[in-house]
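Colleague: Dropping a structure here in structure tokens format, bear with me for questions.
The values are calculated or read from the model by the stated rules, or taken from the named source; none is laboratory data. If you're wondering where the values come from, they're calculated on a predicted model, not measured in any experiment. Every residue, glycine among them, receives a Cβ derived from its backbone with ideal geometry; neighbour counts consider all protein chains shown. The protein model used for the area step is the full one, side chains on, heavy atoms only, and it has no ligands, DNA or RNA in it. Shrake-Rupley method; radii C 1.70, N 1.55, O 1.52, S 1.80 Å.
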Amino acid sequence: MLRLLLSTALAAGIASGASAQEITVGAANVSSYLDPGRDHSNVGSQFYYNSFDTLIGKNHDTLDAEWVPALATEWKLVDAKTMELTLRDGVTFHNGEAMTADDVVFSLNRMYQADFPPYVVRSRDRLSNFVKAEKIDDLTVRIMVEKEEPLWETLLNLQQVMIIPEEYTKGLTGDPKVAEHDDFEAFSLAPVGTGPYRISEFVPGERVVYERFDDFWGDKAPLAKATVQQIPETASRVTALKTGEAQIITNIAPDQLSLIESDQNLHTVGSATPLFHVMIMNVNHPKLRDARIRQALSLAIDRDTLNEALWLGKAVVPSTHTLKEYGDLYMPELKTFEYNPEKARELLKEAGYDGFEVTFDTHPTYYTNGMLAAQAITEMWKEVGINGRVNIAEKWSGRSPEMMTRNWSNPMYFADPFGSFGVMWAPNGPSEGEGRFNTDEGYAEIWERFRFSKDVEARKVAYGELMERIKQDPPVLPLYRPFESWAMRKDVSWAPKPGHIPYVLDFRAGSISFATN
């Protein structure tokens, strides 16, 4: 009761304009670690932007690639494979250390020359063209690449190359002069950055607490404190919002929106999030090696019906693996995926499908509507003669050779086909590395043309060829761009910005405000 009274008092204070300095966010999930270099999860992406900075920044109010100074104030190519950056003077880490060129080189090379296994994965799937960073002087660094890089600014704006303190990190365990794997593990539980909020408390899987960092180099943070608290069940999150225990809640499915919007003290914001919920298929499972079986699994799924039933028609069903955010490389004219149950039946007959069981793995709560989608998909399979079964488990099964199909997501890590499809399905990327996808020399040759060409039309041609390969030998089916919603107290004004990657909780200056009456 005391907790409820205190929470209600806090909400009343905010509503009156007397105290718009602290908020609590009720989140569906909270990460088990916080390290921008190793993380690329939907859950993790929420937490880094408030506390960490990249060298090159971005105007997140627009979909356009509008690059702005951040920890670097200037950047230029000194030759075709070398970029030189001038660092901002007077930047301070949350632990009081001054940021130097040494910290920048350390942060970048921990990714570019990774040997810590989680960094190795991230380095390989998006940073493999980067060779090293070097210090020129106290405020100048250079970055070298192997091949001429068409996406310099984009790849220097990634979460994975946010800057962390060298001396602090090395001193966490063992030899303070050596970066050891245990140091990086320790950093993920006690993270330190340069952003407008320091992480004052982190309870893995439960809570992240931000406090305003008064020595931030940029505009002052609008909040004194922001607490992100895990509340796994949707009904409990809505209750926390109604009682004032939380001022913002995440991951609201469309069928809950009317319940919230009928309350005059609450409101919602939402959009078709820049990622795909997908079904992945293990091309190396003995029962699924015949591409015709996987084609049939895909063709049997009526994604428009899933959209209407689960998302009230608010999601976006794609014809291929493309997003409007790609700009000139948005290619909705490609028809890679379709619903065709008759063709599915024909392919099953041709392949000699004998009724063997196909399992569909799903986490019970990780993806909004994920379990409901899995159940609906297996019913659609039944309509074409496929014997499907939903397997509910909290453990990730994507690297298991026993996995047949499951739900997953392909987020837009940056606004380019490389930043969504490519990160997941490139040669030597996570899908191939976990053993459920194969590439060959032909695929790799197409990939090279797509990845490194400086000509947009050449990249589009190559991407179309990649999509044709995916159509003929499918490892994935994008189901839809989910319509994700956030709900909040009426006096709180916040919304996800269009230029962010999915799910970022941005509480920087200009991103959140409060009604005063």
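Colleague: Compute the accessible area per residue over the chain, keeping the other protein chains in place, probe 1.4 Å, unit Å².
Modeller: Value returned for the chain: 40 Å² of accessible area per residue.
Colleague: May I pose another question? Set the bar at 19 Å for Cα to Cα. Now go through K81/K460; K287/K335; K76/K132; K287/K395; K242/K497; K343/K471 and name every pair that lies beyond it.
Modeller: Beyond 19 Å between Cα atoms: K81/K460; K287/K335; K287/K395; K242/K497.
Colleague: Also: Quote the relative contact order of region 21-162 in percent (integer), defining contacts as alpha-carbon pairs under 8 Å separated by 6+ residues.
Modeller: The normalised contact order for region 21-162 reaches 27 percent.
Colleague: With Cβ to Cβ distances under 10 Å as the rule, what net charge do the other residues near N387 carry (K, R +1; D, E -1)?
Modeller: 0
Colleague: Can you spot the aspartates and glutamates whose alpha carbon is less than 17 Å from K58's alpha carbon? Ignore those fewer than 8 places along the same chain.
Modeller: E66, E74, E153, D219, E325, D416, D506
Colleague: Another question about this same structure. Please work out the Cα center distance from region 336-396 to region 470-511, rounded to the nearest Å.
Modeller: Value for the Cα centre distance between the two parts: 26 Å.
Colleague: Normalised by the number of residues in region 177-317, what is the relative contact order in percent for Cα pairs under 8 Å and 6+ residues apart?
Modeller: With pairs under 8 Å counted, the relative contact order is 12 percent.
Colleague: Under 10 Å from the Cβ of P496, count the other residues' Cβ atoms, weight Lys and Arg +1, Asp and Glu -1, and hand me the total.
Modeller: That sum, taken over residues with Cβ under 10 Å, equals -1.
Colleague: Cα gyration tensor of region 50-118, axes a ≥ b ≥ c as square roots of the eigenvalues: rounded (a/c below 1.5), prolate (a/b > b/c) or oblate?
Modeller: Rounded, because the longest to shortest axis ratio a/c is under 1.5.
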